[in-house]
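Just below is one structure, and these are the notes that go with it.
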Amino acid sequence: MIKRLVSFSISLALLSNTALAATEITWWHGMGGKLGDVVNEIANRYNASQADCHLTPAFKGTYEETLTAGIAAFRAGEQPNILQVFDAGSATIINAKGAVIPAQDLLEQEGVKLNPDDYIDGVRNFYADASGKFIGMPFNSSSPIMYFNKEALAKAGVEPPKTWEEFEAIAPKLKDAGYVPLVQSHMPWIFVENFFSRNNVQFASNDNGYKGAEGTKILINTPEIKMHWTHVKDWKDKGWFGFYGVPGPDNQKPFEEGKVALFLASSGAFGGLAKTASMPFGSTFLPYWGSIKGAGVHSFIGGAALFAMSGKAAAENACTAKFFSFLTSPEIQYYWHKETGYVPVTKAAYELAKADGYYAKTPDAETGIKQLSLPGAEWDKGYRMGFYVQIRDVMNREFVKLLNGDESVDAAFATIETDSNALLEKFAKTTAASN
Amino acid sequence: MRKVTIWDHLILILGAVIMMGPLVVAFLTSTHDSVDIYMSGLQFTFGDRFVPTYDKVLAHSGGFTKEVTGLTMLWNSLILGLGFAIGKIVISMMAAYAIVYFRFRFATAVFWLIFSTLLLPLEVRIIPSYEVVQKFGLLNSYAGMIVPLIASATGTFFFRQFYKSVPDELLEAARIDGAGPFKFFIDILVPLSTTMMSALFIIMFVYGWNQYLWPTLMTTDEHYFTIVRGIKQILQVWVGGNQIPAYNEAMALAILAVVPPVLVVILFQRWFIKGLTESDK
Amino acid sequence: MKRVQFQSRWVPYVLLLPQLTIVCLFFLWPAGEAIRSSFYLEDPFGFGSTFVGLDNFKTILSDPEYFKAAAFTAVFTFLVAFFALSLSLLLAVKADKVVKGATVYKTLIIWVYAVAPPVTGLIGAMLFDVNIGPFTHLAHDFGWDMRVGVNYYDTAFAMVVAAVWNQIPINFIYFLSGLQSIPKAVQEAASIDCRSSFKRFWTVTFPLLAPTGFFMLVINITYAMFDTFGLVDVMTKNEPANNPVTLVYKVYADGFRGNDLGGSSAQSVVLMIVVFALTIVQFRFVERRVHYN
């Protein structure tokens, strides 16, 4: 008995010794539910793939809570090695120079060459700096696409529109067929940010904000986007556009119930829709305006990226770099893509998915990647604006007023411009001393 | 004497239905499939998923370490609730005793200092609080979760109210018997306060039990995750994420999360209503 | 204050030590930090900061949205405190009166107190769901085109209902215990002198409930102002947009959610000043009318 106990404790000690030998790194994320399970599985696969490093992921609440937890921890010197930061928070962390080690530098220190051209076009620049160097490592990424209700289109005898002009031509038929022609699920992302990319219009001064916070002004009180929203309001009044509130799920429900013909949503939504939609559906690209010269280029991503926090030991940084390489390997990207619906961020992973015949079975999974791989132009790489969470709040506030008929298009966009620029100016002051 | 009418019962029945209704509906909903809940909302019948859902949330080990079950989370919430309630009651009784029963310099200043804590909820002072907790090395610990929550003055205020209503004759009599401040406190005031303590215990236990933001911010070790955090974690599935939240599991956890505080409430309200009636008649 | 008190050089300080330590560490220091940073605009990670004097205050006080939130907070607090107190008092009076089934009623009414705010919010959000909420359907049946999350007032209505629902049970417990502590002899004497039960309640029972009532008033105001931000967050599904929000939610939204430390600190300071004034009013004017002995 005693012998067994002793041998047991010895083996236990050996076990913990090997565990101790591995360098511990941490990853704070905001992925709940099933997504959290997939994150855990990826961490387990990473830990199993090598013996030097041990990664522990931790769920830290919503994106906002995760970022703030990271900030509080950073100030106290307790930051994780890897922090997940969402699209609207990227200016906050990228402009805090010294908070993160650029992903590209981190990898190159480990002798891994990061070639931006390996990444899908609409992914490549979103978390990069003005010169194209990767600051954050793109992680969960998706783009807004258009889902269509096949029954509705068949009943009205129309094809899914490629442009908004085509939409206006078919909307009356869809309405007469008894459907709400169009619904969207995230106004700032789909009808503002990706409006600017898809139609190739400048969104902010200073190269869409990439050249620094100082002097960056939003260019939203401008003819193209106001034209778009004048139409949106007109569609709403004619019964061509349904609006059920700001949150995405409130707008998704009527589509799932089969009441809506065209639904603009994340390219990753197809998996959930497959379970809930009461009718067959398909997907295609987000429409653009034929009247805008040069429109129809690729959109960019939304979602979140992983940032390597500074102030960590070299051995830990090496492990973080290894994890980034592991994460962007085609196999892991394909696994992530299949399990969650988010797009794979590299071209190699996309090729792997194609070769595996994944898209023959689930064509909707490919729509987002195809749209992100469309030809590019000048203004489709992304945007970098500080206090963007509040700017989105301002947009939503004014859009609701506009759609409720409490405010004109001119007034709404004048307010968005004034309030956003006040926020941007304030943000520039927060970073001033650090530059 | 006072006549009880049918209206009295009707009002009470209506009150009970309105208060309980949503909880019953939440329970019924938890026994359905998550896709049904997602599509048609709250359910008003008993579904067929009761056993698997509750078995999963209670016994299934989740998290990265595969060591976290619904029971672990309930246990953590229990420690948080108990630690917070007991700590707060002890500390605020002592402070209120000093304020009401002692004449000392700075008494008014101390009074206002303590009451000023009602001015800023923890959510507003959360980042500096994190730094303090970190400096004491209390991240990822029960003490770190509990202590900053105790700062608010509600308990002290409550006991101050009560001590002021205790007849002065008691202290006079005790002094004639030669009782000092500690003897008076322990032998007379504490027993007299049991009802108040249980009343406050209810509020504080529930408050501690239900904390979300602070424990989420200052713990990263899954073994400290609370039940409320568990609920939020299930519900948090992103729009782009291809999934619909497991509403059934969230509702089931919500129902389970309600049980211990309800037991506390029922247990203590009986004690404290009984105590009050006895002491008075 | 007490007519008789102890005198000691050190005992009161020892008794106060734990509370004061916690207050200093977790309240005074963070509050001081808030006041300091209200004069700065700083990078949340702590790399840069610019002294901006009173700019943050000017920004708030020239923002119509801030005053909109302030007005909503006042109305919301009033409505929640009023309905939560009066409805629970009604229920408590009735529960104190009946004998049959009293325990069952009590138990059923207090259950809800144990529900966590995010859960209240979740149930509330589902009941008021713009597409499939039972309450939304019910309102439509009565010709009310209720759209929570789109229409400002509909959202405000839903928030008040959820907050009152959550707060009734604890008020009920306290009022009931307060009522039961009123000696039966007093009530019987009153019932002989005064035939109208309504008048009897206001002239005899209500004044005797005043100390409990004062405490409950403070607790309910604190709840509505401070502790409902989780509920606001869930009911609006983390999208403030054009929805009604309270001042504390705004501090949370700008500071915690939006990482604007200077702006949110300035809001905290304004909030502290307002609540401080309110506290003085409560203690000076309301408590003076409350009899303890």
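How large is the charge dipole for the protein assembly as shown, taken about the Cα centre, if only the Cβ atoms of Lys, Arg (+1) and Asp, Glu (-1) carry charge, to the nearest 20 debye?
Result for the protein assembly as shown is approximately 3180 debye, rounded to the nearest 20.
Which of the lysines could a cross-linker bridge to residue C:97, judged by Cα under 23 Å and excluding same-chain residues fewer than eight apart?
Qualifying lysines at Cα under 23 Å: B:3, B:274, B:281, C:106, C:184, C:199.
Which of B:78, B:267, B:12 moves most in a GNM of chain B, Cα contacts under 10 Å?
Of the options given, B:12 has the highest mean-square fluctuation.
Show which aspartates and glutamates lie in cross-link reach of residue A:312 when reach means a straight Cα distance below 14 angstrom and same-chain residues fewer than eight apart are skipped.
A:24, A:78
Can you give me the C-alpha center-to-center distance between segment A:249-301 and segment B:92-148, rounded to a whole angstrom?
Spelled out, the Cα-based centre of one part sits 52 Å from the other.
Of A:149, A:199, A:363, which is farthest towards the positive pole of chain A's charge dipole, taken about the Cα centre with +1 and -1 on the beta-carbons of Lys, Arg and Asp, Glu respectively?
A:363
Kirkwood hydrodynamic radius, computed over distinct alpha-carbon pairs, for segment A:370-435: how many Å, to one decimal?
14.0 Å
Under 8 Å for C-alpha pairs, at least 6 residues apart: give me the relative contact order for segment A:30-97, rounded to a whole percent.
About 27 percent, as a whole number.
Quick one: compute the contact order of chain C, relative version, from alpha carbon pairs under 8 angstrom and 6+ residues apart, as a percent.
Averaging sequence separation for qualifying contacts and normalising by length gives 29 percent for chain C.
Using +1 at the C-beta of Lys and Arg and -1 at the C-beta of Asp and Glu, which of C:247, C:51, A:264 has the Cα lying farthest in the positive direction of the dipole of the protein assembly as shown?
C:247
How compact is the protein assembly as shown by the rule of thumb for globular proteins, expressed as Cα Rg over 2.2 N^0.38 Å?
Compactness ratio reported: 0.98.
Looking at segment C:157-229, I'd like the Rg to Rh ratio, where Rg is from alpha-carbon atoms and Rh is Kirkwood's inverse mean 1/r.
With Rh from the inverse mean 1/r over Cα pairs, Rg/Rh is 1.10.
Could you give the nm distance between label points at residue A:21 and residue A:222, where each point is 7 Å from its Cα heading toward the beta carbon?
Here the modelled spin labels are 5.8 nm apart.
As a test of understanding, state the convex hull volume per residue of segment A:95-203 from its alpha carbons, in Å³.
Roughly 145 Å³ of hull volume per residue.
Rounded to whole Å and sorted largest first, what semi-axes of the equivalent ellipsoid does the C-alpha gyration tensor of chain A yield via the square root of 5 times each eigenvalue?
Values for chain A, descending: 40, 27, 19 Å.
Per DSSP H run of n ≥ 4, the term is -39500 (n - 2.57); total these for chain B, divide by its residue number, and report the mean residue ellipticity at 222 nm rounded to 500 deg cm²/dmol.
Only helices count here, giving -21000 deg cm²/dmol.
Out of all DSSP beta bridges with both ends in chain A, state the antiparallel percent to the nearest 5.
Taking every DSSP beta bridge within chain A, about 60 percent pair in antiparallel fashion.
With springs only between Cα atoms under 10 Å apart, run a GNM on chain C and tell me which of C:34, C:74, C:190 wobbles the most.
Among C:34, C:74, C:190, the largest GNM mean-square fluctuation belongs to C:190.
Where does chain B land on the Kirkwood hydrodynamic radius, alpha-carbon pairs, in angstrom?
22.0 Å
Taking the Cα centroid of segment A:75-131 and of segment C:39-84, what is the distance between the two, rounded to the nearest whole Å?
32 Å
Over segment C:81-135, what number does the Rg to Rh ratio reach, with both radii from the alpha-carbon atoms and Rh per Kirkwood?
Result for segment C:81-135 is an Rg/Rh of 1.10.
Taking the Cα centre of segment C:120-262 as origin, work out the dipole magnitude from +1 charges on Lys and Arg Cβ and -1 charges on Asp and Glu Cβ, in debye rounded to 20.
Here the size comes out at about 540 debye.
Over all directions, how big on average is the projection of the convex hull of the alpha-carbon atoms in segment C:114-155, in square nanometres?
Its Cα hull, projected and averaged over all orientations, spans 3.2 nm².
For segment A:313-435, what number of Lys pairs, 8 or more residues apart or on separate chains, have alpha-carbon atoms under 22 Å from each other?
Close lysine pairs found across segment A:313-435: 11.
Let me know the shape class of segment A:55-130, please: from the alpha-carbon gyration tensor, a ≥ b ≥ c as square roots of the eigenvalues, rounded when a/c is under 1.5, otherwise prolate if a/b is greater than b/c, or oblate.
Prolate, since a/c reaches 1.5 and a/b exceeds b/c.
Place a +1 charge on the Cβ of each Lys and Arg in segment B:137-233 and a -1 charge on the Cβ of each Asp and Glu, then give the dipole magnitude about the Cα centre in debye, rounded to the nearest 20.
The calculation lands at about 300 debye.
Take every Cα pair under 8 Å in chain A that's 6+ residues apart, average their separations, divide by the length, and report that relative contact order as a whole percent.
Over chain A, the number comes to 25 percent.
If the viscosity is 0.692 mPa s and the temperature 37 °C, what Stokes-Einstein diffusion coefficient in µm²/s follows for segment A:296-358 when Rh is the Kirkwood radius over Cα pairs?
The Stokes-Einstein estimate is 244 µm²/s.
Where a Cα-Cα gap under 17 Å defines reach, which lysines qualify for residue A:155, not counting those fewer than 8 residues away within the same chain?
Candidates past the 8-residue exclusion: A:173, A:175, A:259.
Going by alpha carbons, how many degrees (0 to 90, nearest 10) lie between the helix axis of A:388-403 and the longest principal axis of chain A?
In chain A, helix A:388-403 runs at an angle near 20 degrees to the longest axis.
Counting only DSSP beta bridges with both residues in the protein assembly as shown, tell me the antiparallel percent, nearest 5.
Bridges in the protein assembly as shown are about 60 percent antiparallel.
Could you work out, residue by residue across C:148-159, how many beta carbons of other chains sit within 10 Å of that residue's beta carbon, and then give the average as an integer?
2
What helices does chain B hold that run 20 Å or longer along their axis, going by alpha-carbon atoms, with a Kyte-Doolittle average of -1.0 or more, using DSSP H for the helix calls?
TM-like helix candidates: B:6-30, B:70-101, B:194-209, B:247-280.
Beyond 32 Å, what share of the Cα-Cα pairs of chain C remains, rounded to the nearest whole percent?
42 percent
With a 10 Å cut-off between alpha carbons and a GNM built on chain A, which of A:34, A:259, A:370 moves the most?
For chain A, modelled as a Gaussian network with Cα springs under 10 Å, the answer is A:34.
Among C:164, C:90, C:276, whose Cα projects farthest towards the positive end of the dipole of segment C:60-289, with charges put on the beta-carbon of Lys, Arg (+1) and Asp, Glu (-1)?
Projecting each Cα onto the dipole axis, the largest value belongs to C:90.
Every read-out reported here was derived from the displayed coordinates using simple, explicitly stated rules and does not represent laboratory data. Since this is a predicted model, take the numbers as computed values, not measurements. Here Cβ is always computed from backbone atoms with ideal geometry, including for glycine, and neighbour counts include all displayed protein chains.
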